[in-house]
Amino acid sequence: MKIIIINGPNLNLLGKREPEVYGNETFESYFEKLQIKFPTLTLDYFQSNIEGEIISKLQEVGFTYDGIVLNAGAYTHTSIGIGDAVKAITTPVIEVHISNTFSRESFRHQSYISPNAKGVIIGFGLQSYELAIKSFM
């Protein structure tokens, strides 16, 4: 089974950015743990701060992978284009968020991805990614 994690803007700063919200671990370190935890899966990882690159990656993998775990960061709440890309592909997408977006600013309560995602996992810290991966098994 082939699954890719796609992270959006500022998630490259995990471990440094707002540790009280996002924790102290880098995503690269966490990704290594996921690879060890799921040795029978092919796990890939992509991160970009650029909306168009995220859309291009979704289109690139969206017909050949078995699952996509997508944390579009702030683009979740602003990008109709990413929402449309999720709708256009056949690979199922699980939308994830590290923090509980509903306990934060009201603009974070809207998602352009959720209506086209297989499911949404919010607020379980980095474990949100593991839960999303397990949903494909």
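The values are calculated or read from the model by the stated rules, or taken from the named source; none is laboratory data. Nothing here was measured: the structure is a model prediction, and the numbers come from that model. Glycine gets a Cβ as well: all are built from the backbone with ideal geometry, and neighbour counts include every protein chain shown. To get the accessible areas, we keep the full protein, side chains included, count just its heavy atoms, and leave off ligands, DNA and RNA. Shrake-Rupley method; radii C 1.70, N 1.55, O 1.52, S 1.80 Å.
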Residue that is nearest to the chain's Cα centre (by Cα) [pool: residues in the stretch 90-132 that are of a type in the set (Val, Ile, Thr) and open to solvent by less than 20 Å² (accessible area, probe 1.4 Å)]: Val96
Does Tyr45 satisfy being in a loop (DSSP other than H, G, I, E, B), at pLDDT 95 or above and under 15 Å from the mean Cα position of the chain (by Cα)? no
Does Gly52 satisfy the condition of being small (Gly, Ala, Ser), in a loop (DSSP other than H, G, I, E, B) and open to solvent by less than 70 Å² (accessible area, probe 1.4 Å)? no
Any residue at all in the stretch 120-127 that's in a helix (DSSP H, G or I), closer than 17 Å to Ile6 by Cβ and not charged (D, E, K, R)? no
Every listed condition ((1) of a type in the set (A, V, I, L, M, F, W, C); (2) open to solvent by less than 60 Å² (accessible area, probe 1.4 Å); (3) out of contact with any Gly (no Cβ under 8 Å at 6 or more places or on another chain)) holds for Met137 save (2)
Which one is farthest from Leu14 (Cα to Cα) among residues in the stretch 103-134 that are among the aromatic types (Phe, Trp, Tyr) and out of contact with any Gly (no Cβ under 8 Å at 6 or more places or on another chain)? Phe107
Residue within the stretch 56-70 that is in contact with a Pro (Cβ under 8 Å, 6 or more places away or on another chain), among the aliphatic types (A, V, I, L, M) and either in a strand (DSSP E or B) or open to solvent by less than 10 Å² (accessible area, probe 1.4 Å) (or both) present: yes
Reported set for the stretch 31-48 where residues are closer than 17 Å to Asn71 by Cβ, open to solvent by less than 70 Å² (accessible area, probe 1.4 Å) and not acidic (Asp, Glu) is Phe31, Leu34, Leu43, Tyr45, Phe46, Gln47, Ser48
Residues of the stretch 4-30 being more than 17 Å from His97 (Cβ to Cβ) and either open to solvent by 60 Å² or more (accessible area, probe 1.4 Å) or out of contact with any Asp or Glu (no Cβ under 6 Å at 6 or more places or on another chain) (or both), in sequence order, are Lys16, Asn24, Thr26, Glu28, Ser29
Can you name the condition, by its number, that Thr101 falls short on among (1) touching a Lys or Arg at 6+ places or on another chain (Cβ under 6 Å); (2) under 19 Å from Met1 (Cα atoms); (3) of a type in the set (S, T, N, Q)? (2)
Checking Tyr75 against (1) out of contact with any Asp or Glu (no Cβ under 7 Å at 6 or more places or on another chain); (2) aromatic (Phe, Trp, Tyr); (3) crowded, with 18+ Cβ neighbours inside 10 Å, which single condition isn't satisfied? (1)
